């Protein structure tokens, strides 16, 4: 699969000598949802804005959609929802989308049709002719998402796309992102709601202090903490508890935790419980959550940095 974004080297130093990006390299496959994570000040927005030429990087080598990063014509194939997006409050939702279409040089007839389709798609058709000033924060975010898609982009950058959106709206936006991936689009998602990212992202990268500290497929990264939990009715009897602990398992009350990547390891535990005629209530596979992975990676990076 070819790359939608291929960064060989990207560095950004702001005035005063602050190095926001330390010279990162990154490759993002086409047709995937890519999660961009990191604590505040990690360099996430700087990365996105550098790719979009909103900021001028100190040094940048790479390609986006098959052209050198910064190639002006290529930007017409890109959509962008910035964090805390603001629109003129005297415009209606439909006018905001049509205005963006004009900036993107979408033909007028196509822009009107596209606007109507997108308003329906983001659940704002009934509010199309209402002024932005009458919208809630979540409604404004939906309009922001629609305007990011008005040029039918191949690559979309969404910075906190569910900010201010209610739980039902977050589900709808997640489905919309999944639909974009199914259409072959590549979607960058930057969000502090890690559980949301985990549900929709194929791959993630974690930034901290301007460098990449973790990257990979979500399924591979969360598999690191793979273990199995077995729960029984009542506490584990002392004799069995000692046996399980001696085997390297963790026992707490009615639960046995088994760190293993092979489910066959669980079977002897179940056999031992059944031999004692104990009632097994639950057997489940558990993994690290993306939030667990994120916190662990950031903490480890801070420890290493402090030790330098």
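Just a few scattered comments:
- The chain pair-distance distribution - Cα-Cα, 10 Å bins, rounded %: 6, 23, 26, 20, 13, 9, 4, 0
- Build a GNM of the chain with springs between Cα atoms under 10 Å apart, and of 297, 286, 73 the one that fluctuates most is 73.
- Applying 0.36 nm per residue to the separation of residue 22 and residue 58 and subtracting their alpha-carbon distance, the gain on full extension is 12.0 nm.
- Rounded to 10°, Cα long-axis angle of helix 290-307 versus longest principal axis of the chain: 90 degrees
- The length gained on full extension between residue 72 and residue 192, counted as 0.36 nm times the residue separation minus their Cα-Cα distance, comes to 40.2 nm.
- Helix axis angle, 108-121 relative to the chain longest principal axis, alpha carbon, degrees: 30 degrees
- As a length-normalised measure over Cα pairs under 8 Å and 6 or more apart, the relative contact order of the chain settles at 19 percent.
- To the nearest ten degrees, helix 266-275 and the longest principal axis of the Cα atoms of the chain are 40 degrees apart.
- Relative contact order, percent, region 227-286 [alpha-carbon distance under 8 Å, six or more residues apart]: 51 percent
- Binning all Cα-Cα separations of region 25-184 at 10 Å, short to long from zero, yields these whole-percent fractions: 10, 38, 37, 14, 1.
- Ranked list, fewest to most other Cβ atoms within 10 Å of each Cβ, for 7, 213, 256: 213, 7, 256
- Length gained when the stretch residue 13-residue 129 is fully extended (0.36 nm per residue, less Cα-Cα span): 37.4 nm
- Across 59, 168, 214, mean-square fluctuation computed from a Gaussian network of the chain (C-alpha pairs under 10 Å connected) peaks at 168.
- Distance distribution P(r), region 227-286, all Cα-Cα pairs, bin width 10 angstrom from 0: 24, 65, 11 percent.
- Over region 142-239, Cα pairs under 8 Å with separation of 6+ residues give a relative contact order of 20 percent.
- FRET efficiency, 1/(1 + (r/R0)^6) with R0 22 Å, evaluated for residue 261 and residue 217 via beta carbons: 0.90
- For region 1-94: rounded, prolate or oblate by the Cα gyration tensor [a/c cutoff 1.5]: oblate
No lab work stands behind these numbers, since they all come straight from the coordinates. Fair warning: this is a prediction, and the values are worked out from it, not measured in the lab. Positions of Cβ are backbone-derived with ideal geometry, glycine not excepted, and every protein chain shown enters the neighbour counts.
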